[in-house]
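*Asks:* First the structure, then my questions, so here it is.
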Ligand SMILES: NC(=O)c1ccc[n+]([C@@H]2O[C@H](COP(=O)([O-])OP(=O)(O)OC[C@H]3O[C@@H](n4cnc5c(N)ncnc54)[C@H](OP(=O)(O)O)[C@@H]3O)[C@@H](O)[C@H]2O)c1
């Protein structure tokens with residue numbers, strides 16, 4: 001299978017790395033077109049995929065990802081559409097457009113998927129929301145899911161939920177990164193070496209997430225399991241509440257989604 005990429009900035013390159021990590025395709029089967037800044041040429045030196053100068057190679061690609069900025073995506077799709085093979089699958093991870101708009105840009109012979117991933121796709125632990133064009137054949141949908149599932153967990157959602165999905169799954173890694181940095185700063189303040197603090201914090205988050213996923217227990221119940229009466233954890237919880245932690249997080253989601 002050949003896969004095409006139009007745009008390989010933060011998100012495009014994260015998906016390319018995930019696909020190569022998993023050996024889902026070889027670098028020879030990946031055709032990537034970048035913009036004008038030279039980013040994609042630098043990435044090509046690192047990852048060895050095929051560089052696309054124009055859109056010619058798209059005709060041999062069964063799956064095409066587009067990951068350009070939201071403002072130009074429809075214009076770029078119109079430009080690339082004549083080179084896309086009939087029945088190929090277009091997966092747009094760009095924001096700011098609907099499935100219908102992308103479908104109108106590429107024509108009815110292309111199967112359109114609108115997917116919103118997050119950067120952990122680069123290590124195959126992404127969270128991806130996907131909305132499929134109405135009436136998309138089951139075989140095309142299956143093929144699209146097969147490639148997306150290499151990159152992480154996929155939830156099929158109604159398109160009108162993709163925005164909030166993108167905020168919670170796509171923006172939150174930055175919120176969590178700040179949380180990790182702050183926890184490590186706290187540990188350093190208490191005398192722990194910084195490198196060790198980052199290791200401890202990252203593994204703690206990984207373990208907490210795995211526990212929540214595998215047990216399917218409510219987060220409040222998991223929290224209750226760590227807070228013994230009069231113990232140190234509940235004092236920490238009180239300090240978080242005193243400083244408006246929950247509201248700060250809820251407001252971050254609201255502001256990012258606005
Ligand atoms: N980053 C995330 O976590 C995330 C999550 C979900 C969805 N998204 C969506 O994914 C899209 C890309 O986001 P990003 O963060 O990856 O942005 P980005 O880093 O700015 O990447 C966009 C890339 O598109 C390239 N490009 C521009 N015009 C092009 C063209 N005509 N042909 C091929 N490539 C072209 C740019 O190349 P040059 O710089 O060389 O011009 C740039 O590398 C956006 O629509 C964003 O909303 C991002």
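*Asks:* Scanning the stretch 62-72 for residues that are within 14 Å of the ligand (Cβ to nearest atom) and either assigned to a helix (DSSP H, G or I) or in contact with a strand residue (DSSP E or B) (Cβ under 9 Å, 6 or more places away or on another chain) (or both), which turns out farthest from residue 140 (Cα to Cα)?
*Replies:* Let us first name the residues in the stretch 62-72 that are within 14 Å of the ligand (Cβ to nearest atom), namely 64-72.
Those left that are additionally either assigned to a helix (DSSP H, G or I) or in contact with a strand residue (DSSP E or B) (Cβ under 9 Å, 6 or more places away or on another chain) (or both): 64-68.
Values: 64: 13, 65: 14, 66: 17, 67: 20, 68: 23 Å.
Taking the candidates together, the pick is 68.
*Asks:* Could you look through the stretch 24-39, keep only residues that are more than 6 Å from the ligand (Cβ to nearest atom) and in a helix (DSSP H, G or I), and pick out the one that is surrounded by the fewest Cβ atoms within 10 Å (Cβ to Cβ)? Before the answer, list the steps.
*Replies:* Step one: list which residues in the stretch 24-39 are more than 6 Å from the ligand (Cβ to nearest atom), which gives 24-32, 38.
Of the ones still in play, those that are also in a helix (DSSP H, G or I) are 27-29.
Working: 27: 14, 28: 10, 29: 18.
Restricting to residues being more than 6 Å from the ligand (Cβ to nearest atom) and in a helix (DSSP H, G or I), the top hit is 28.
Quick grid of which residues meet (1) modelled with pLDDT of 95 or more; (2) under 28 Å from residue 166 (Cα atoms):
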{"site": "34", "(1), (2)": "yes, yes"}
{"site": "53", "(1), (2)": "no, no"}
{"site": "59", "(1), (2)": "yes, no"}
{"site": "65", "(1), (2)": "yes, yes"}
{"site": "78", "(1), (2)": "yes, yes"}
{"site": "85", "(1), (2)": "yes, no"}
{"site": "92", "(1), (2)": "yes, yes"}
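*Asks:* Closer than 20 Å to residue 135 by Cα, modelled with pLDDT of 95 or more, more than 9 Å from the ligand (Cβ to nearest atom) and in a helix (DSSP H, G or I): is that true of residue 101 in this structure?
*Replies:* On the way: closer than 20 Å to residue 135 by Cα: yes; modelled with pLDDT of 95 or more: yes; more than 9 Å from the ligand (Cβ to nearest atom): yes; in a helix (DSSP H, G or I): yes.
The answer is yes for residue 101.
*Asks:* Shifting gears a bit: Considering 191, 129, which residue is outside any helix (DSSP H, G or I) and not assigned by TED's automatic domain parsing to the domain that holds residue 69? Give the derivation first.
*Replies:* On the way: 129 fails: not assigned by TED's automatic domain parsing to the domain that holds residue 69.
On inspection, the qualifying residue turns out to be 191.
*Asks:* Residue under question is residue 182, and the condition is that it be at pLDDT 95 or above and not in a helix (DSSP H, G or I); does it hold?
*Replies:* Details: at pLDDT 95 or above: yes; not in a helix (DSSP H, G or I): no.
The answer is no for residue 182.
*Asks:* Give just the number: which of (1) part of a helix (DSSP H, G or I); (2) within 11 Å of the ligand (Cβ to nearest atom); (3) under 21 Å from the mean Cα position of the chain (by Cα) does residue 19 not satisfy?
*Replies:* Exception for residue 19: condition (2).
The values are calculated or read from the model by the stated rules, or taken from the named source; none is laboratory data. Remember, it's a predicted structure, so these values are computed and weren't measured experimentally. Neighbour counts are summed over all protein chains in view; Cβ atoms, including those assigned to glycine, are modelled from backbone coordinates with ideal geometry.
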